[in-house]
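Each reported figure results from applying straightforward, stated rules to the coordinates on display, with no laboratory input. From a predicted model like this one, the values you see are computed outputs, not experimental measurements. Here the Cβ positions follow ideal geometry from the backbone for every residue, glycine too, while neighbour counts run over all protein chains shown.
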Amino acid sequence: MVYLYVDDLINTRISKDMVAEFKDVMMKEFKMSDLGLMRYFIGIQIKQSPGKNFISQEKYVADLFKKFDLSKCKLVTSPIQQMRSYNRMMVLLKRIQWFFWSLVGSLIYLTNSRPDILFPVSIISRFMEDPSRLYCAAAKRILWYL
């Protein structure tokens with residue numbers, strides 16, 4: 001299998017010989033370098049050891065905290081609150097849409113490795129057209145959960 005993303009290429013095979021042969025062919029045809037075992041690719045960290053592979057987006061989450069200035073946030077144990085809790089906060093002020101769009105887009109990307117946030121992210125993504133303070137708070141809560 002070959003994965004290509006802009007200027008990055010990942011090559012996987014069952015046989016080490018097939019990997020080496022593919023690399024040789026590609027390096028003869030294109031100007032490229034071999035960086036060895038993959039450690040980081042499009043926001044996903046990869047730790048490889050014999051017989052085991054572990055993926056994580058821990059660095060990506062840390063970068064999100066910096067990007068959205070949430071380094072002093074409180075920790076929570078679930079990515080979503082019960083709706084009755086939100087109903088008490090019904091003083092809905094408009095938030096800057098780009099903040100919400102950017103945060104939700106980043107959270108959607110995280111669902112690749114975090115299926116536990118898939119449902120709450122799908123709920124808040126329904127409000128992309130008309131986000132309010134309520135939905136911004138819900139998006140931040142998901143990030144706090146991470």
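Between A138, F65, N112, the Cα set farthest toward the positive side of the dipole of the chain (charges on each charged residue's Cβ, about the Cα centre) is that of A138. For the chain, adding -39500 (n - 2.57) for each run of n ≥ 4 DSSP H residues and dividing by the number of residues yields -13000 deg cm²/dmol at 222 nm. When the trypsin sites (Lys or Arg not before Pro) in the range 1-57 are filtered for DSSP coil states and for at most 14 other beta-carbon atoms within 10 Å of their beta-carbon, the remaining sites are R13, K31, R39.
Its relative contact order, with pairs defined as Cα atoms under 8 Å and 6+ residues apart, puts the chain at 21 percent.
Taking 0.36 nm per residue of sequence separation and removing the Cα-Cα distance, the Y145/S102 pair yields an extension gain of 13.7 nm. Averaging the Cα positions of each part gives two centres, and for the range 11-37 and the range 100-125 these lie 34 Å apart.
Charge tally around S33: other residues with Cβ under 15 Å, Lys/Arg +1 each, Asp/Glu -1 each, net -1.
Could you tally the net charge around V121, taking each other residue with its Cβ under 15 Å from the Cβ of V121, Lys/Arg +1 and Asp/Glu -1?
Values: positive: R114, R126, K140, R141; negative: D116.
Counting the neighbours of V121, the net charge comes to +3.
The gain in end-to-end length when the L70 to M128 segment is fully stretched comes to 18.8 nm, 0.36 nm per residue minus the alpha carbon separation.
Here's the list of aspartates and glutamates a cross-link from K23 could span, going by alpha-carbon distance under 15 Å and ignoring same-chain residues fewer than 8 apart: D8, D34.
Summing Lys, Arg as +1 and Asp, Glu as -1, what charge do residues with Cβ under 15 Å from the Cβ of Y60 carry, Y60 excluded? Cβ neighbours under 15 Å give a net charge of +4.
With a/c under 1.5 counting as rounded, go ahead and sort the range 2-56 into rounded, prolate or oblate using the C-alpha gyration tensor (a ≥ b ≥ c being the square roots of the eigenvalues; past the cut-off, prolate if a/b is larger than b/c, else oblate). Before the final figure, lay out the partial values.
Working: a/c = 2.49, a/b = 1.33, b/c = 1.88.
It is oblate, given that a/c is not under 1.5 and a/b is not larger than b/c.
For K16, the lysines whose Cα comes closer than 20 Å to its Cα, not counting residues fewer than 8 places off in the same chain, are K28, K47, K52.
Only one item in (i) 63, 30, 25; (ii) 55, 36, 31; (iii) 50, 33, 19 matches Cα extents along the principal axes in Å derived from the coordinates shown, and that item is (i).
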